[in-house]
Amino acid sequence: MKTLNVAILGTGGMGKNHANSLKPMDGVDIAAVCDLNRELAEKFCAELELTGCTVYTDFDEMIEKENLDALYVCIPPFAHNGEVEKAAEKGIHLFLEKPIALNSAVAGKMVEAIEKAGVISQVGYQMRFRQSIQKLAAMIADGSAGRPTLFQGRFWCRMDGAGPAWWPNKDKSGGQILEQIVHIYDLALYLFGEPESATGLLRNLIHDDDPAYTIEDTSVGMISFKNGACASITGSNCTAPVHFIGDYQIVFENVTLNYKSTGQHWVTPDESVLLHVNGETETFVEDENVYELEDADFIEAIRDGRSACAPARDGLNDVRVIEEIIQSTK
C-alpha cells in the first residue's frame with residue numbers, strides 16, 4: 001500500500017482533530033504542517049508527537065518542496081488566499097473545513113479548480129457520518145424511504161466569550177448561519193436534494209450594544225426544494241452557555257428520523273430514533289467519532305479513486321443557499 005503524504009494548513013482545533021484521526025492510520029504520513037505562526041506550528045507537532053513532520057510558515061514553499069498527496073485546509077474562511085486552487089493545480093487532493101468560503105464567488109473558483117484538476121475533495125460535514133444519517137441516506141438511495149416532505153432543524157448555543165476572536169465579525173465568519181448552522185443546512189440539502197428557493201430572517205437581538213459583534217444572534221431559514229419538500233432551520237447565539245444544541249427531525253413518506261441532542265457531548269451520547277410506517281423502530285446511540293469516519297472516507301476515496309461523501313461542490317451549494325437567505329433579509 002502506497003503511503004499517502006498529507007499536509008495540514010492551520011494548527012487550530014480542527015487541524016488537531018484531523019491530525020489525531022490521521023496519525024494512527026496505516027499508510028498515511030503527516031509530512032508537513034503550515035501556519036503563519038511558527039511557534040504554534042512547532043508546538044502543534046510536539047504535542048501530537050509528529051516526528052519527521054516539517055514545519056512551514058509559507059504555503060507556496062510547502063507545496064513546492066513537499067511531494068504531497070493530500071492537503072487538509074483548516075484555516076478560517078476569511079484567511080483563504082488561493083491555497084485551494086494552487087494545491088488543486090498540483091494534483092493534491094483536498095479536505096476543506098466548512099464553510100469553504102465566505103461567498104459563492106470565491107467558493108465557485110475553488111470548486112472549478114478542484115473539478116478541473118480531477119482531484120478528490122471532501123468538506124468537513126461530519127454530521128453526515130452519523131449512523132442514523134447513513135442509514136437514512138441508504139434508504140433514500142434504494143427508494144425505501146419514499147418521498148421527502150419536511151426537514152426541521154436547529155442550532156442553538158451561546159458563544160459569548162468563547163471561540164475565536166474573529167467569530168463575531170461578519171466580515172471574517174460570515175455570521176453564525178454560515179459558520180456554524182451550515183452543518184444543519186447541509187444535512188437538509190444532502191438528504192432532500194436540489195433546492196428551488198430560500199428565504200429567511202436574521203436578527204441581532206441581545207448583542208446589538210456590542211460594536212465588535214456584527215453578526216446575527218437569531219435566525220430562521222426556509223428552503224423550498226424542487227421535489228416539493230420544505231425545510232425550516234433556526235439558529236441562536238442567545239441560549240444557555242456551554243451547550244451546543246444541534247438537532248433535527250426529518251420526515252419522509254415511509255420513515256421519520258428524530259435526532260435528539262443533549263447539547264453536552266462529553267456527558268451523554270446523542271441519540272437518534274428512526275420510525276418506520278410499518279411500526280418498526282430503530283434506535284442509534286450516536287457515540288462514534290464522526291471526525292475519524294469522515295477522514296477515513298476521504299483517505300479511502302483517494303485510494304479507490306471515487307468521490308468522497310461530501311465533495312467540494314456540496315460545500316458550494318450550501319454557501320449559495322445560505323447566501324440567498326442572507327440576501328433575502330436585506
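Taking segment 276-312 as the search range and keeping residues that are part of a helix (DSSP H, G or I) and over 18 Å from Leu71 (Cβ atoms), which one is farthest from the chain's Cα centre (by Cα)?
Selected residue: Asp304.
Quick one: Glu49 ticks every box in (1) in the same structural domain as His18 (by TED's automatic domain parsing); (2) more than 27 Å from Arg303 (Cβ to Cβ) except a single one, so which number is it?
(2)
State yes or no: is Glu216 under 27 Å from Val290 (Cα atoms), touching a residue at least 12 places away in the same chain (Cβ under 8 Å) and either among the charged types (D, E, K, R) or touching a helix residue (DSSP H, G or I) at 6+ places or on another chain (Cβ under 7 Å) (or both)? Quick ask: steps written out before the conclusion?
On the way: under 27 Å from Val290 (Cα atoms): no; touching a residue at least 12 places away in the same chain (Cβ under 8 Å): yes; either among the charged types (D, E, K, R) or touching a helix residue (DSSP H, G or I) at 6+ places or on another chain (Cβ under 7 Å) (or both): yes.
Spelling it out, it is not the case that Glu216 is under 27 Å from Val290 (Cα atoms), touching a residue at least 12 places away in the same chain (Cβ under 8 Å) and either among the charged types (D, E, K, R) or touching a helix residue (DSSP H, G or I) at 6+ places or on another chain (Cβ under 7 Å) (or both).
State all residues of segment 103-133 that are buried (at least 22 other Cβ atoms within 10 Å of the Cβ), in a helix (DSSP H, G or I) and hydroxyl-bearing (Ser, Thr, Tyr); if no residue qualifies, say none.
Within segment 103-133, none qualify.
Pull up segment 4-34, narrow it to residues that are out of contact with any strand residue (DSSP E or B) (no Cβ under 8 Å at 6 or more places or on another chain) and part of a loop (DSSP other than H, G, I, E, B), then point me to the one that is farthest from Glu47 (Cα to Cα).
In this case the residue turns out to be Asp26.
So is Ile100 among the β-branched types (Val, Ile, Thr) and part of a loop (DSSP other than H, G, I, E, B) or not?
Yes, satisfied.
Tell me whether segment 142-152 contains one or more residues that are surrounded by 14 or more Cβ atoms within 10 Å (Cβ to Cβ), assigned to a helix (DSSP H, G or I), touching a residue at least 60 places away in the same chain (Cβ under 8 Å) and among the hydroxyl-bearing types (Ser, Thr, Tyr).
Looking for residues that are surrounded by 14 or more Cβ atoms within 10 Å (Cβ to Cβ), assigned to a helix (DSSP H, G or I), touching a residue at least 60 places away in the same chain (Cβ under 8 Å) and among the hydroxyl-bearing types (Ser, Thr, Tyr), one finds none in segment 142-152, hence no.
Between residues in segment 276-294 that are closer than 30 Å to Asn17 by Cα and residues that are assigned to a helix (DSSP H, G or I) and among the aliphatic types (A, V, I, L, M), which pairs lie under 9 Å by C-beta distance while being six or more apart or on different chains?
That search, which allows pairs on different chains as well, returns Val290/Met127; Tyr291/Met14.
Does any residue in segment 45-58 that is outside any loop (DSSP other than H, G, I, E, B) come within less than 9 Å, Cβ to Cβ, of a residue that is aromatic (Phe, Trp, Tyr) six or more places away or on a different chain, and which pairs are these?
Qualifying pairs under 9 Å: Val55/Phe44.
Which residues, taken from segment 254-270, are modelled with pLDDT under 85 and either under 12 Å from His243 (Cα atoms) or not in a loop (DSSP other than H, G, I, E, B) (or both)?
Here is the first cut: in segment 254-270, the residues modelled with pLDDT under 85 are 262-268.
Within segment 254-270, Thr262, Gly263, Gln264, His265, Trp266, Val267 meet the criteria.
The values are calculated or read from the model by the stated rules, or taken from the named source; none is laboratory data. Source: prediction; values computed, not measured. Neighbour counts run over all protein chains shown; Cβ positions are idealised from the backbone, glycine included.
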